[in-house]
Amino acid sequence: MLLLSFLPLVLPGQLQVGDNFSDGNIRQNPLWIGDTARFTVTPNNRLQLQDSLAGTAYLSTASRIAERASWQLTMELDFNPSGSNFSRYYLMSSQARLSGNIRGYYLQISGSSEDRISLYRQDGNSHTALLQTAANWADTDPVQVYARVTRNRQGWWQLRLDTGRRQTLLLIDSVQDLRHRASAYQGWYCQYTKTRSDRMFLDSIYSQGFAYQDSLPPRLDSFALKGVNRLELYFDESLAPASVQDTGHYWLSPDLGQPVQAGVGPEGRQVALLWGDTLVNKQRYTLTLQNLRDTAGNAFADTLALRRVVAQPGDLLVHELMPDPAPVVGLPPNALPEREYLELYNASEVPLPLAGWQLVIREDTIPLPAYRLGPDSLVTVSDEDGQNEWPAGIKLLWADLSRFALLNEGARVSLISPEKKVIHTLFYTENWYDDPNKKEGGWSLEMIDPANTCGGDANWTACQDPLGGTPSRPNSVAGSRPDTIAPRLVRASLPRDSAVLIHFSEAIPSPSLTDPAAYAFRPSLPIRQIKTDPSRREALLHLAEGLKKDSLYQLYTRKPLRDCRGLPLQADTLLVGRPGQADSGLVFINELLFNPPPGGVDYLELYHAGPGVLDLSKLRIGRGAKGMPTDLVQPRPESYLWYPGEYLVLTTDTAALKRDFEAPYPERLVAV
């Protein structure tokens, strides 16, 4: 077949790769490798894809042509291409296999509904369009492309195309790109469905140019700390193994010195360094590199600043929540959108990269996007569907946060670090607003004191800003509210006869929380295993044997349990016993408020006269003038043990009750 244009004379040192398939095979002059069984040469000397199933296929041939270069070829697709059926020709490739982690450039016909013809750069698994035609250039059936691509020594690319009868090659555009300087292969790649598996053709390939003569030192693209004592370096080209493996070419200060091991990856671009000692968390280090050389002998030297950062509990906080954004209370143009959001605060002294972090809301795990959050800085996370609804000037991250992820009545929210460690967790409720009007919607919940991460409802309240929230701004209620109260044992419940659930007044990050030796029963009960939830406000004790009927046990602690601030658990005991059946005369209504003051709530005070243990979840409360009461309500859905002589107050809003009345025993207030 005819070539696209007049072929210039070959200059000294110039390389050539060409094939018009007139010899009828792909195994010589030049040798093509790859999925050879899926290609054939037609009687009229064209290379044809020859498959019977959907898939991908490629052929490649050795080619070092990279600069002062030109590539000419003809591609034909005997159909209208699409995102599922397209063809690309790799002008430069770092490897023979034309899939996966390639560094190079390729020309592609279509690949999307826009039907463009494009020149792409590929960086591993990332693809960047450098030059493109207008849309619909390849929107024909069939589509024939006659192409000529050139690249000079300065990295200027030009793309010329003709989709007609080879009358004129039209200059599409030019662009400078020197990201990849060298090549090892060129070749043809096809992606196709079953019906298009034999309808792609290639012909009249001719390329000539010069191999890249490397006179530049290697470039360090990136580096990353892995674990506690390993560093990986990523270069833009292959390095000489001998220079990489010499541990004398590296020095990490302070204290660590030379690595004990230095290795090079399969492609020669990755360097792995291993030290015998651990890098101290959040300490600054300086790594000096010298005399690393590429395969052409060019030397590299540099100094890197390193800091291993592993987040600790309290470093990253959920700082503000908007569970119920409707109705919007702010006024335009600064009104907040009707969107749920969470605000994150970096309470540490170092920047925190958020890539790899997870936000857990109830049972849903939401990955956080890549973002570098500076120390003492705020950023707001909201749903990606609302990107155009926010006023300007608010730092925002977009995540897959559904509109109803934050339940109005409350939910557990946790931040999980890349090391799978719980850094912050809370279980908010609508009672945290401390305001019956604001909990109806349009107002956020704000943390008061970031230093009191385990403060719970005492450290949160409704926003006071007239916009209803302060996303990515200091909280309107910010202030000092230190934790001065030691944690307490609140109560124990009985999910089943052989398991006791302990409820604490606040989070207990102490490792002893899950140590069976930290607890004991009187009379003795052997503890087999202990589990806790992410909030660490509960501990589930799995017993080796069940509680005996009609027996009361005292549960007490034998090891120090401390809260986030280090305050020790108050010395105390809990009663635990198997509940029996309630009967008339055991429980009395002791006090009733049915007409509360403005902004207040009703309540019902109950007294357990005994004998025996009762489970509040087994009781029902109703009303009625005569006979059996109606509108029965279950006070608690889960086990709630109640002992003789105890008073309980049932209400819909415990926070409002504590606001309006003195409550010396807040654990006896039960939300229903």
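Accessible surface for Thr195 stands near 90 Å², nearest 10, in the context of the full protein assembly shown (1.4 Å probe). Under 17 Å of direct C-alpha separation, and excluding same-chain neighbours fewer than eight residues apart, Lys226 reaches these aspartates and glutamates: Asp277, Glu419.
Protection proxy ranking for 543-556, 640-653, using the average of other Cβ atoms within 10 Å per residue and placing the highest first: 640-653, 543-556.
By DSSP, the beta bridges lying fully in the chain are antiparallel in about 95 percent of cases.
Under the criterion of Cα pairs below 8 Å and six or more residues apart, the relative contact order for the chain equals 8 percent. The magnitude of the dipole of the chain, with charges of +1 and -1 set on the Cβ of Lys/Arg and Asp/Glu and taken from the Cα centre, is near 1760 debye. Remark: relative contact order (region 585-672) = 29 percent; criterion is Cα-Cα distance under 8 angstrom and separation of 6 or more residues.
Split the accessible area of the chain by element, probe 1.4 Å, and carbon with sulfur accounts for 49%. Note on the chain: helix-only mean residue ellipticity at 222 nm, from DSSP H runs of 4+ residues weighted -39500 (n - 2.57) and normalised by residue number, equals -500 deg cm²/dmol.
For region 349-441, lysine pairs with C-alpha atoms less than 28 angstrom apart, excluding pairs fewer than eight positions apart on the same chain, total 4. Computed from the C-beta positions of Ser498 and Asp214 and an R0 of 60 Å, the FRET efficiency is 0.25 to the nearest 0.05.
The Glu114 and Gln28 beta-carbon pair, evaluated with R₀ = 25 Å, returns a calculated FRET efficiency of approximately 0.05.
For the chain, taking a cut-off of 4.7 Å between Cβ atoms, the unpaired cysteines are Cys190, Cys463. Only protein heavy atoms count here; on that basis, with a 1.4 Å probe, Arg536 has an accessible area of about 60 Å².
Solvent-accessible surface (1.4 Å probe) assigned to Trp137 amounts to roughly 70 Å². Using the 1.4 Å probe convention, the accessible area of the chain works out to 47 Å² per residue with neighbouring protein chains retained.
Sequence-distant contacts, meaning Cα pairs under 8 Å at least 6 residues apart, place the relative contact order of region 431-477 at 41 percent.
Listed by chain and number, the lysines whose C-alpha is less than 25 Å from the C-alpha of Lys549, apart from same-chain residues fewer than 8 away, are Lys531, Lys618. Of the residues Tyr192, Gln290, Ser253, the one whose Cα sits farthest towards the positive end of the charge dipole of region 177-332 is Tyr192 (charges of +1 on Lys and Arg Cβ, -1 on Asp and Glu Cβ, taken about the Cα centre).
The values are calculated or read from the model by the stated rules, or taken from the named source; none is laboratory data. Remember, predicted model here, so these are calculated numbers, not experimental data. We place every Cβ from the backbone using ideal geometry, glycine too, and count neighbours over all the protein chains shown. Just so you know, the surface numbers come from the protein's heavy atoms only, side chains and all, with ligands and any DNA or RNA stripped out. Shrake-Rupley method; radii C 1.70, N 1.55, O 1.52, S 1.80 Å.
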